[in-house]
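The values are calculated or read from the model by the stated rules, or taken from the named source; none is laboratory data. Note that this is a predicted model, so its numbers are computed, not measured. Every residue, glycine among them, receives a Cβ derived from its backbone with ideal geometry; neighbour counts consider all protein chains shown.
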Amino acid sequence: MPRAPTSPEPQYLKVKNHLREGIASGHWVAGDLLPSEGALVAQFEVSRMTVNRALRELVQEGLIERVQGVGSFVAQLHRISSTLNVRDVHEEIAERGGQHEARVHALTRGKATPQQAAELGLKRGAPVFLSLIVHLENGVAIQCEERAVNPACAPDYLSQDFSRITPTHYLLDVAPLSEARYMIEAALPGEVEAKLLGINRRDPCLVVKRITYSRGVAVTAVKLTHPGVRYQLQGSFSA
């Protein structure tokens, strides 16, 4: 059976992807002035409305900032980080008045599994940094953190002392956050997770899976497992 013809890429996406890829590659860095609307109209031979839509969506994604009468600039990524609000477990515990402790059970180099390769945009079997850390609040385990890291984004990851600084804190410093994708589910713990958290295999857990990106490149994929009876997911949203 012949394949159905694929639809051509919308014109605004050509403009948007051109700018996004330029930011991701470092061609334009934070604070740089991007090409004007008129220049983009001429380059892509599209309408000003098409260019405006591409720029508007990049603003909504936090990648650029527009100053009326001046132009569009690459956003400062540390400001994006605070907007997306990826929380550091150390800060969460400190806000509650608790004492945080981290126990590092593994910190090593490995080969990307098919799932890790897909999540981080790597080839299967490519080098990947792996860590397994349990976070405690006042001596009680509240989070098992299983993390894979793209070495290109954090080449010194394996030399860090994660009993003193959390991976989240370190990665936000070396690879400022531009995007994050979450999945939250209720699940039973695996054998290793149950042992590290000191819970029964039948105890329900809250599991957060998260992939974070810097300049369009996947930095880390992490699975955070929390005992349901010891943890509440809290946050706030505003329009």
(1) touching a His at 6+ places or on another chain (Cβ under 8 Å); (2) exposed (fewer than 13 other Cβ atoms within 10 Å of the Cβ): which one isn't true of Met183, the others all being true? (1)
Which number in (1) among the aliphatic types (A, V, I, L, M); (2) at pLDDT below 90; (3) not in a strand (DSSP E or B) marks the one condition that Ala186 misses? (3)
Among the residues in the stretch 163-170, are any touching a residue at least 60 places away in the same chain (Cβ under 8 Å) and either more than 20 Å from Val104 (Cα to Cα) or not in a loop (DSSP other than H, G, I, E, B) (or both)? yes
When restricted to Gly216, Gly190, the only residue more than 27 Å from Asn17 (Cβ to Cβ) and assigned by TED's automatic domain parsing to the domain that holds Phe129 is Gly190
Scanning the stretch 39-66 residue by residue, those touching a helix residue (DSSP H, G or I) at 6+ places or on another chain (Cβ under 8 Å), more than 14 Å from Ile23 (Cα to Cα) and acidic (Asp, Glu) turn out to be Glu57
Which listed residue, of Arg215, Arg181, Arg210, is under 18 Å from Glu91 (Cβ atoms) and within 22 Å of the chain's Cα centre (by Cα): Arg210
Across the stretch 22-45, which residue is nearest to the chain's Cα centre (by Cα) among those that are in a loop (DSSP other than H, G, I, E, B) and buried (at least 18 other Cβ atoms within 10 Å of the Cβ)? Trp28
May I ask you to list the residues in the stretch 9-34 that are farther than 22 Å from Cys153 by Cα and in contact with a helix residue (DSSP H, G or I) (Cβ under 7 Å, 6 or more places away or on another chain)? Gln11, Tyr12, Lys14, Val15, Lys16, Leu34
For the stretch 219-227, check the following and say yes or no: at least one residue is buried (at least 20 other Cβ atoms within 10 Å of the Cβ), among the β-branched types (Val, Ile, Thr), more than 30 Å from Lys16 (Cα to Cα) and without any contact (Cβ under 8 Å) to a residue 40 or more places away in the chain. no
Within the stretch 95-140, residues assigned to a helix (DSSP H, G or I) and surrounded by 13 or more Cβ atoms within 10 Å (Cβ to Cβ) come out as Gln116, Ala117, Ala118, Glu119, Leu120
Please list, ordered by first then second residue, the pairs with beta carbon atoms under 6 Å, 6 or more apart or interchain, first in the stretch 51-80 and on the phi > 0 side of the Ramachandran plot, second modelled with pLDDT of 85 or more and crowded, with 19+ Cβ neighbours inside 10 Å. none
